[in-house]
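Undergrad: Have a look at this one before I ask anything.
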2 protein chains.
Amino acid sequence: MNNSQTMSKVHNFSAGPGILPQIAIDNSIKAIQNFAGMDLSILEISHRSKQYEAVVAEASQIVKDLLNVPAGYSVLFLQGGASTQFCMVPMNLLDENDTAAYLKTGEWAMRATKEAGLFGKVNVLATSENENYNWIPKDYTIPADCKYFHCTSNNTIFGTEMFSFPESPIPVVCDMSSDIFSRPVDVSKFDLIYAGAQKNMGPAGVTLVIIKDEILGKVTHKIPTMLDYRVHIKNGSMYNTPPVFAIYVCLETLKWVKGLGGVTAMETRNKAKAELLYAEIDRNPLFKGTCAVEDRSRMNVCFVLNKPELEEAFLTLAKERKLDGIKGHRSVGGFRASLYNALPIESVQALVNAMQEFEKANS
Amino acid sequence: MNNSQTMSKVHNFSAGPGILPQIAIDNSIKAIQNFAGMDLSILEISHRSKQYEAVVAEASQIVKDLLNVPAGYSVLFLQGGASTQFCMVPMNLLDENDTAAYLKTGEWAMRATKEAGLFGKVNVLATSENENYNWIPKDYTIPADCKYFHCTSNNTIFGTEMFSFPESPIPVVCDMSSDIFSRPVDVSKFDLIYAGAQKNMGPAGVTLVIIKDEILGKVTHKIPTMLDYRVHIKNGSMYNTPPVFAIYVCLETLKWVKGLGGVTAMETRNKAKAELLYAEIDRNPLFKGTCAVEDRSRMNVCFVLNKPELEEAFLTLAKERKLDGIKGHRSVGGFRASLYNALPIESVQALVNAMQEFEKANS
């Protein structure tokens, strides 16, 4: 049986966990059947086996290669999602009387901001909260006396993305959960990058952290062992049993990214997909985008109908055309199409076709 | 292609991640190919889909059914392994001036003890540390003025297991990572049970917590959101994206346990396997066990050669006989055979046969 043939043509626009490359899925199945010629499943082997240690080493290396991670940075695969990073970041970087600077551009940025408040003081430099986070504030200055600046590169729920990052006199921490590996990033401009894997790099259950080692070890309070980045750096993500299979699927996904030409090639693909869909949103008289044009995310495209009463009818058509996962988040309403790396442009075209079909039926 | 046929006959004695039932592996592959008739892989679907919400609900229910979990307890699937529980337990139950009572019976108990010391005072009631943890202390009293008593039901590294638990005037917390679901447990005698899944209930990347709700909410310090059991209880393990696939494999594994007759049937199987191997260790003049007979674990059987110089030769024979993962932990040396639920008695017989073959060759 060819695994690829078991999947029928559903267009997967899920906001996350999101679509993965079929080759990564197929190779992951092979590893479950028989991992590295061990005649055992990857689900039931020791993480200390040399075959699996090679997986973690290769996954770290491919992250470094794809993003040109400079010397002095460590690559970690942790558990707990970006939500756990919301507390690990201040726990490792902020003392009670210190202040951290946060840019509040959406739901996840808000949660990160709130969590930092448990550990120290928080200075919210700017927010677009009163306009339902439909644009990215750019007019602010990062104070030199804060301990770090935190931002969210892409807002999965509201469909905005940062296409430039501010100059900063202090360490920059960025939640890149929903656009990591979708485009080149100058890692040297950041001190800590984190990303839940389940959007652009793998399945749920593993979180990537890229961290500049020298920012650590400066707080005076105690840090629980599992929440101390230094413990995981020292042990190469293997202080305790890592999420073995999830890391393997990430490796296979990142190999696919590399094979297609890396993050530059991904950016070209992602630009083409986003332009195709936004062009239709702007052309089609039935639909409109929800975000400031200059901040429109290439990963999560949010749009609504000018006549909201037609919403159910479009969702029905979408279902008939096998366009899965396009219902918008309740905070925005309407529709959201997530165009992660693995989504082919043919799926975007199928969505555009459905929008045009809907236009004809309703004009 | 029949997935079962892709695995050749390797006997998997790995201490963890450990052997899983082949049917759980096969069904997990099917869910990766096409989950719940969605024509999508379980690796790339929303955890908020009704099909996946049903998985988490069913997994929680089967835990409750298998262990007869009383009313007033919650079942959680978290990330971070038992190592994260080492800090979550005191973070949720212990204030700075409080004291917790710990039984130090091995490496993991020691780490749990050490972690609690970051949050409050620790009273180590008893330990067998000076005899390399080769027995379980039983002669101690749990002080009523401590906040909770923590013990480790099975010591994966040293091969001892608690076959009785002390009466306690205070809440009892137990790390059951390596023997959960291997035997019946009276959950009503415990207030918090936790277990990394990767030994007896699933793959690495998910941690089971069974908690009596009423013990929570009594500490005065702040708890980070992701480390607060109440947050996960309130959100049914779905506060953030859970480890989707790992929970699914647990569900399939626990269905297999239930299908064979539940934890009582597992205990019968596990007793038979352990008795077969310990009988050979005691009979065979070349080998000897490392632990007090009454405390010998049914999950992890530790034994050594009377002539240590023969160790490499036995490991070579084991490899030839496809007995995988029997090298002992460096803290004990010699050999360790882990006999988790999914290991068939035929594998134990194969090990016994090799020991007898080795005896003939070396006498």
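A short reminder: the numbers here are calculations on the coordinates, not readings from a lab. These figures come from a predicted structure and were not determined experimentally. All Cβ positions, even for glycine, are placed from backbone atoms using ideal geometry, and neighbour counts span all protein chains on display.
Undergrad: What percentages make up the Cα-Cα pair-distance distribution of chain B when the bins are 20 Å wide from 0?
TA: So the P(r) values, bin by bin, are 29, 55, 15, 0.
Undergrad: Using the Karplus curve 6.51 cos²θ - 1.76 cosθ + 1.60 with θ = phi - 60°, work out ³J(HN,Hα) for each residue of the stretch B:23-40 in order, rounded to whole Hz, and write x for Gly and Pro.
TA: Here the 3J(HN,Hα) series is 5, 5, 5, 4, 5, 5, 4, 4, 5, 6, 6, 6, 8, 6, x, 7, 6, 9 Hz.
Undergrad: Could you give the length gained by full extension between B:Ile345 and B:Glu107, i.e. 0.36 nm per residue of separation minus their alpha carbon distance, to one decimal place?
TA: Gain on extension, B:Ile345 to B:Glu107, equals 82.9 nm.
Undergrad: Can you list residues from other chains, or at least 5 along the same chain, whose modelled amide H is less than 5 Å from the amide H of B:Val301?
TA: Correct list: B:Ala337, B:Ser338, B:Leu339.
Undergrad: Measuring from a point 7 Å out along Cα→Cβ, what nm distances, shortest first, does B:Gln349 have to its partners in the other copies?
TA: 6.0
Undergrad: Let me ask something else about it. Under the 0.36 nm per residue contour assumption, what length would be gained going from the current alpha-carbon distance of B:Phe163 and B:Ser363 to full extension?
TA: In short, 68.4 nm is gained.
Undergrad: Counting other Cβ atoms within 10 Å, which trypsin sites (Lys or Arg not before Pro) in the stretch B:292-325 have at most 12 and lie in a DSSP loop?
TA: Passing both the DSSP loop test and the Cβ count: no residue.
Undergrad: To continue, here is another question. Output wanted: per-residue J couplings in Hz (rounded whole) for the stretch A:205-222, from phi through Karplus 6.51 cos²θ - 1.76 cosθ + 1.60, θ = phi - 60°, x for Gly and Pro.
TA: Taking θ as phi minus 60°, the curve returns x, 8, 10, 8, 10, 10, 9, 7, 4, 6, 7, 8, x, 9, 8, 9, 7, 6 Hz for the stretch A:205-222.
Undergrad: When the chain is fully extended, how far beyond the present Cα-Cα distance does A:Lys189 get from A:Val293, taking 0.36 nm per residue of separation?
TA: Full extension from A:Lys189 to A:Val293 adds 34.9 nm.
Undergrad: Quantify how strongly other chains surround peptide A:13-20 by giving the mean number of their Cβ atoms within 10 Å of each of its Cβ atoms.
TA: 5
Undergrad: Continuing with this model, one more query. Would you mind getting me the FRET efficiency between B:Ala265 and B:Asn123? Use the beta-carbon distance for r and R0 = 41 Å, nearest 0.05.
TA: Using R0 = 41 Å, I get an efficiency of 0.60.
Undergrad: Given a cut-off of under 8 Å on Cα pairs at least six residues apart, what relative contact order in percent is computed for chain B?
TA: 22 percent
Undergrad: Here's another thing I want to ask about it. In the stretch B:90-214, what % of DSSP beta bridges are antiparallel (nearest 5)?
TA: Around 30 percent of the beta bridges assigned by DSSP in the stretch B:90-214 are antiparallel ones.
Undergrad: Which one, B:Thr316, B:Asn155, A:Pro90, projects farthest toward the positive side of the charge dipole computed for the protein assembly as shown from Cβ point charges (K/R +1, D/E -1)?
TA: B:Thr316
Undergrad: Also, quick follow-up: Please compute, for peptide B:231-240, the average count of beta-carbon atoms on other protein chains lying within 10 Å of each residue's beta-carbon.
TA: Mean shielding by partner chains, rounded to a whole number: 1.
Undergrad: What value in Å³ per residue do you get for the convex hull of the alpha-carbon atoms in the protein assembly as shown?
TA: Considering the Cα atoms of the protein assembly as shown, their hull volume per residue is 154 Å³.
Undergrad: Separate question: Give me the net charge for the shell around B:Lys9: Cβ to Cβ below 15 angstrom, other residues only, Lys and Arg +1, Asp and Glu -1.
TA: After counting each charged neighbour, the total is -2.
Undergrad: Could you tally the net charge around A:Val231, taking each other residue with its Cβ under 14 Å from the Cβ of A:Val231, Lys/Arg +1 and Asp/Glu -1?
TA: Counting the neighbours of A:Val231, the net charge comes to +2.
Undergrad: What relative contact order, as a whole-number percentage, does the stretch A:52-134 give when Cα pairs under 8 Å and 6 or more residues apart are counted?
TA: That works out to 25 percent.
Undergrad: Continuing with the same structure: Just to check I understand the Karplus step: with θ = phi - 60° and J = 6.51 cos²θ - 1.76 cosθ + 1.60, what whole-Hz values come out for the stretch B:284-299, glycine and proline as x?
TA: Each residue of the stretch B:284-299 in turn: 6, x, 7, 10, 8, x, 9, 10, 4, 4, 5, 9, 4, 5, 7, 9 Hz.
Undergrad: Given H placed 1.01 Å from N in the peptide plane, which residues other than close sequence neighbours of B:Asn123 have an amide H under 5 Å from its amide H?
TA: Hits under the 5 Å cutoff: B:Ala100, B:Ala101, B:Tyr102.
Undergrad: Report, for the protein assembly as shown, the % of DSSP beta bridges that are antiparallel, rounded to 5.
TA: 55 percent
Undergrad: Something else about it: What does DSSP give for the stretch B:25-259 in terms of the percent of beta bridges that are antiparallel, rounded to the nearest 5?
TA: Here the share of antiparallel DSSP bridges comes out near 45 percent.
Undergrad: To continue, here is another question. Need one value for B:109-118: mean number of C-beta atoms belonging to other chains within 10 Å of its residues' C-beta atoms.
TA: For peptide B:109-118, the averaged partner shielding equals 1.
Undergrad: With an 8 Å cut-off on Cα pairs and a minimum separation of 6 or more residues, tell me the relative contact order of the stretch A:166-223 in percent.
TA: Result for the stretch A:166-223 is 29 percent.
Undergrad: Between their Cα atoms, which of A:Lys50/B:Lys114; A:Lys199/A:Lys271; B:Lys114/B:Lys327; A:Lys307/A:Lys360 are more than 19 Å away from each other?
TA: Beyond 19 Å: A:Lys50/B:Lys114; B:Lys114/B:Lys327.
Undergrad: Would you compute, from DSSP H runs of 4+ residues alone, the mean residue ellipticity of chain B at 222 nm, taking -39500 (n - 2.57) per run and dividing by the full residue count, rounded to the nearest 500?
TA: About -11000 deg cm²/dmol.
Undergrad: So, one more: Calculate log10 I(q)/I(0) of the stretch B:263-361 for q = 0.16 Å⁻¹, where I(q) comes from the Debye formula with a single equal point scatterer on each Cα and nothing for solvent.
TA: -0.62
Undergrad: What is the Cα centroid distance between the stretch A:100-140 and the stretch A:163-204, reported in whole angstrom?
TA: 16 Å
Undergrad: Still on this structure, I have one more. Run the dipole for the stretch B:19-116 about the Cα centre, Lys and Arg Cβ at +1, Asp and Glu Cβ at -1, nothing else charged, and hand back the magnitude in debye, nearest 20.
TA: Approximately 120 debye in magnitude.
Undergrad: Dipole size in debye (nearest 20) for chain B around its Cα centre, Lys and Arg Cβ +1, Asp and Glu Cβ -1?
TA: With only Lys, Arg, Asp and Glu charged at Cβ, the dipole is about 420 debye.
Undergrad: Where does the charge balance sit around B:Arg111 when Lys and Arg score +1, Asp and Glu -1, over other residues with C-beta under 12 Å from its C-beta?
TA: Taking every other residue near B:Arg111 into account, the sum is -1.
Undergrad: Let me ask something additional. For B:Ala57 and B:Leu310, what does the FRET efficiency come to when R0 = 51 Å and r is the distance between their Cβ atoms, rounded to the nearest 0.05?
TA: With R0 = 51 Å, the Cβ-Cβ based efficiency is 0.45.
Undergrad: Label position 7 Å from Cα toward Cβ: report the copy-to-copy distances for B:Asn123 in nm, one decimal, ordered from shortest.
TA: So the label point of B:Asn123 gives 4.7 nm to the other copies.
Undergrad: What gaps in nm, shortest first, separate A:Asn306 from its twins in the other copies when you place the label 7 Å past Cα toward the beta carbon?
TA: The projected label point of A:Asn306 is separated from its counterparts by 9.3 nm.
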